[in-house]
Amino acid sequence: MTNIQELTFAELSPNWDTTRTKLKQKFGILTDFDLVLKEGQLDKMIDRLQITLGKTKAEMHKIIFDFQTT
């Protein structure tokens, strides 16, 4: 896996179902719409998560990275 700031769709997509489940468990306010991961739209998803959770982009990358690696 690359640096947290360099998360890519290709790295996230193989384990996304598991990561999405972990995110929904930790942050109960997240919806399926918030967690839609599509190729070429990773930044849009991160933006939705930032707005919903009140986190910075760097915080969101770290949270997702941590869930991908645990």
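The values are calculated or read from the model by the stated rules, or taken from the named source; none is laboratory data. This is a predicted model, so every value here is computed, not measured. Methodologically, a virtual Cβ is constructed for each residue, glycine included, from the backbone with ideal geometry; neighbour enumeration extends over all protein chains shown. Just the protein is used for accessible areas: all its heavy atoms, side chains included, with ligands, DNA and RNA removed. Shrake-Rupley method; radii C 1.70, N 1.55, O 1.52, S 1.80 Å.
Treat every Asp and Glu Cβ in the chain as -1 and every Lys and Arg Cβ as +1, leave all other atoms uncharged, and give the resulting dipole magnitude about the Cα centre to the nearest 20 debye.
Values: 10 positive and 10 negative charges, 47 e Å.
Dipole of the chain, to the nearest 20 debye: 220 debye.
Would you please report the Å³ per residue occupied by the convex hull of the alpha carbon atoms in the chain? Mind dumping the intermediate values first?
Details: hull volume 5.5 nm³, N = 70.
That works out to 78 Å³ per residue.
Determine, from the Cβ-Cβ distance of Asn15 and Val36 and an R0 of 22 Å, the FRET efficiency 1/(1 + (r/R0)^6), rounded to the nearest 0.05.
Details: r = 16 Å, r/R0 = 0.71.
The pair Asn15/Val36 has a calculated efficiency of 0.90.
In percent, how large is the relative contact order of the chain, given Cα pairs closer than 8 Å and 6 or more residues apart? Show your work: numbers first, answer last.
On the way: 49 pairs, mean separation 27.5, N = 70.
It rounds to 39 percent for the chain.
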Give the residue from Gly40, Thr8, Thr70 lying farthest towards the positive end of the charge dipole for the chain; charges sit on Cβ (+1 for Lys and Arg, -1 for Asp and Glu) and the dipole is referred to the Cα centre. Thr70
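Expected output is a single nm value to one decimal: the length gained when fully extending between Thr70 and Lys55, i.e. 0.36 nm times separation in residues minus the C-alpha distance. What is it? Present the calculation step by step, with values, prior to reporting the outcome.
On the way: separation 15, 0.36 × 15 = 5.40 nm, distance 2.06 nm.
Gain on stretching Thr70 to Lys55: 3.3 nm.
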Tally up the carbon and sulfur contribution to the accessible surface of the chain as a whole percent, 1.4 Å probe, everything protein left in place. 52
For the chain, report the accessible area per residue in Å² (1.4 Å probe, heavy atoms, rounded to an integer). 62
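Run the numbers for Phe27 and Asp43: contour at 0.36 nm per residue of separation, minus the present Cα-Cα distance, in nm. Can you show the working numbers first?
Numbers: separation 16, 0.36 × 16 = 5.76 nm, distance 1.91 nm.
Full extension from Phe27 to Asp43 adds 3.8 nm.
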